[in-house]
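Quick notes on the structure that follows.
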Amino acid sequence: MNKISIFRSLTTLILSIYLLAGTGSAVLYKGVDFPGGASSFADEVVSYNPSAGVLGHDNASMALGIPDYTDNTNYVSLGDEGTLVLKFTDNSLTTSGNENKDLWIFEIGEKFESSDVYISKDGTNWIYTGNTSNYTTGIDIDAYSEGVVLGEQYSYVKLVDRLPHESDSPTAGADIDAVGAVSSNAAVQTKADVTVSPEATDTTVPAVADINADRFICFRLSSIRNFLIIALLIAGAIGLYLFKKRKGN
Ligand SMILES: [Ca+2]
Ligand SMILES: [Ca+2]
Ligand SMILES: [Ca+2]
């Protein structure tokens, strides 16, 4: 094997690793890229308080999991000013640290109906993060910096239907198909998960180690990609040098 063919094999190898490193496990749902796949979506109904006009469309669990609206099923109607609180249990919503949309709400129906959106760490203290503006709405939670903390994990999302009254029974109010976190982190661990003394009463402990582990993995991946770009440039320069040298001979 001469120098040129060794160089060619090396370049092919580097290029293959680079492409694989950039692929990840992202999945598109209704055109939105969720790097965490199906687990990015809400997992549990915490509370559902609809108002009138939702009979037959009042199963709140229809808002869990991936967007799966089809043939007038798999969604829940809120009714005018009705509320729905969902929880992420195998993941959590977090900030992206930039203007990327972090939280997505998928609404359906003949008329778009807006909801106010709140997020929370504990399901008690809520941070208002604007309202939905279309059937598929992305919210940049970093923009709400008065309440949202960089790198924090939020397990709860609350949707509150906004007036005016748009559609009548049985689908009054916003009709929610799914809620998902594009900026998705590890699940928030509870003390029950990590086993503590029985007198402990606080049940939520942010998994700082998990945040750091995830950041470390992201850092590692981007570092590998940067390294591969540099390696490709060096390989190109060596190739050019070898090519010129061979021509010179
Ligand atoms: Ca989930
Ligand atoms: Ca963001
Ligand atoms: Ca659904």
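The values are calculated or read from the model by the stated rules, or taken from the named source; none is laboratory data. No experiment lies behind these values; they were computed from the predicted model shown. So basically every Cβ, Gly included, is an ideal-geometry build from the backbone, and we count neighbours across all protein chains shown.
Report yes if Thr83 is in contact with a Lys or Arg (Cβ under 9 Å, 6 or more places away or on another chain) and away from ligand 2 (no atom under 16 Å from the Cβ), otherwise no.
Criteria met by Thr83.
Can you tell which of Ala26, Ala60 is at pLDDT below 95, within 22 Å of the chain's Cα centre (by Cα) and surrounded by fewer than 22 Cβ atoms within 10 Å (Cβ to Cβ)?
On the way: Ala60 fails: at pLDDT below 95.
Checking each option against the conditions leaves just Ala26.
Given the conditions (1) out of contact with any Lys or Arg (no Cβ under 6 Å at 6 or more places or on another chain); (2) within 16 Å of ligand 1 (Cβ to nearest atom), which single one is not true for Tyr154?
Of everything listed in (1) out of contact with any Lys or Arg (no Cβ under 6 Å at 6 or more places or on another chain); (2) within 16 Å of ligand 1 (Cβ to nearest atom), Tyr154 misses just condition (1).
Within segment 62-79, track down each residue that is touching a helix residue (DSSP H, G or I) at 6+ places or on another chain (Cβ under 8 Å) and more than 16 Å from ligand 1 (Cβ to nearest atom).
Thr73, Asn74, Tyr75, Val76
What pairs can you find where one residue is in segment 51-71 and in contact (Cβ under 8 Å) with a residue 24 or more places away in the chain and over 11 Å from Leu84 (Cα atoms), the other is of a type outside the set (Phe, Trp, Tyr) and within 16 Å of ligand 2 (Cβ to nearest atom), and their Cβ atoms are less than 8 Å apart, with a gap of 6+ or different chains?
Matching pairs, first to second residue: Ile66/Gly180; Pro67/Gly180.
Provide a single number: the residues in segment 75-123 that are over 19 Å from His165 (Cα atoms) and β-branched (Val, Ile, Thr).
Matching residues across segment 75-123 total 6.
State all residues of segment 63-103 that are crowded, with 16+ Cβ neighbours inside 10 Å, more than 15 Å from ligand 3 (Cβ to nearest atom), assigned to a loop (DSSP other than H, G, I, E, B) and not charged (D, E, K, R); if no residue qualifies, say none.
Passing the criteria: Gly79, Gly82, Phe88, Asn91, Thr94, Thr95.
Test Ser47 against the stated conditions and say whether it is part of a loop (DSSP other than H, G, I, E, B) and over 18 Å from Thr136 (Cα atoms).
Considered against the rule, which asks whether it is part of a loop (DSSP other than H, G, I, E, B) and over 18 Å from Thr136 (Cα atoms), Ser47 comes out as no.
Report whether or not Phe112 is assigned to a loop (DSSP other than H, G, I, E, B) and either of a type in the set (A, V, I, L, M, F, W, C) or outside the structural domain of Ser77 (by TED's automatic domain parsing) (or both).
So Phe112 fits the description; yes.
Which condition from (1) away from ligand 1 (no atom under 16 Å from the Cβ); (2) at pLDDT 50 or above is the one that Val188 breaks?
Result: Val188 fails condition (1) only.
Kindly indicate the residue of segment 158-168 that is more than 19 Å from the chain's Cα centre (by Cα) and not in a loop (DSSP other than H, G, I, E, B) and also farthest from Lys87 (Cα to Cα) among those meeting that condition.
Selected residue: Asp161.
Which count do you get for residues in segment 130-157 that are within 19 Å of Glu81 (Cα to Cα) and either surrounded by fewer than 22 Cβ atoms within 10 Å (Cβ to Cβ) or acidic (Asp, Glu) (or both)?
Matching residues across segment 130-157 total 6.
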